[in-house]
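One structure is given below, encoded as structure tokens.
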Amino acid sequence: MDDKGPEPENIVVGKVGNETFAFIGLERSSGIMMYQVTNPLKPKFVQYIRNTTDATNTGDISPEGLKFISASDSPTGVPLLLVGFEVSGSLAVYQIK
């Protein structure tokens, strides 16, 4: 069936400065949603991340695994989000500022 929704596959939470963010990998739509959840009763949508080309369906396809690395553990000193993509077999590293 091709009429299924985006299928949240994985969720990770991490601190950036004094704020807490949730990252949700959406397998079928090949995107990652980012929410500020410092106050969990009032989550705020921040960004939708997608690195694909619709016309050719190339790029990073189907995020499967997410890993948040805090600034204190990051080799760059900036928080990182690592994303493994199941279909494309790629790994993306995003700096979270």
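For the chain, what is the convex hull (Cα atoms) projected area averaged across all directions, in square nanometres? Could you put the intermediate results ahead of the total?
Working: hull surface 27.7 nm².
Approximately 6.9 nm², given one-decimal rounding.
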- [ ] Tabulate in residue order the Karplus-calculated ³J(HN,Hα) for the stretch 18-25, using 6.51 cos²θ - 1.76 cosθ + 1.60 with θ = phi - 60°, rounded to whole Hz; enter x for Gly and Pro.
- [x] 9, 10, 10, 10, 10, 10, 10, x
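Placing +1 at every Lys and Arg Cβ and -1 at every Asp and Glu Cβ, with all other atoms neutral, what dipole size does the stretch 48-97 have around its Cα centre, in debye to the nearest 20? Don't jump to the answer; show the numbers that get you there.
On the way: 3 positive and 5 negative charges, 38 e Å.
The dipole of the stretch 48-97 has a size of about 180 debye.
Starting with the fewest neighbours, write out 49, 11 ranked by other beta-carbon atoms found within 10 Å of each beta-carbon.
Details: 49 19, 11 12.
The fewest-first ordering by Cβ neighbours comes to 11, 49.
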- [ ] State, to one decimal in nm, how far the label point of residue 37 lies from the label point of residue 50, with both points 7 Å from Cα in the Cβ direction.
- [x] 2.2
Task: P(r) of the stretch 18-73 over all Cα-Cα pairs, binned every 5 Å from zero, in whole percent - done: 4, 17, 22, 20, 18, 11, 5, 2
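Based on other C-beta atoms within 10 Å, arrange 66, 41, 81 from fewest to most. Don't jump to the answer; show the numbers that get you there.
On the way: 66 18, 41 5, 81 21.
Ascending number of Cβ neighbours within 10 Å: 41, 66, 81.
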- [ ] Any chance you could count the Lys pairs in the chain whose alpha carbons are under 21 Å apart, treating pairs 8 or more apart or on different chains as valid?
- [x] 8
- [ ] Can you tell me the dipole magnitude for the chain around its Cα centre, using point charges on the Cβ only (Lys, Arg +1; Asp, Glu -1), in Debye to the nearest 20?
- [x] 500
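We did not get these values from a lab; they are worked out from the coordinates using the rules stated. It should be emphasised that the depicted structure is a prediction, and the values quoted were computed from it without experimental measurement. Quick reminder, even Gly has a Cβ in these numbers, built from the backbone with ideal geometry, and neighbours come from all protein chains shown.
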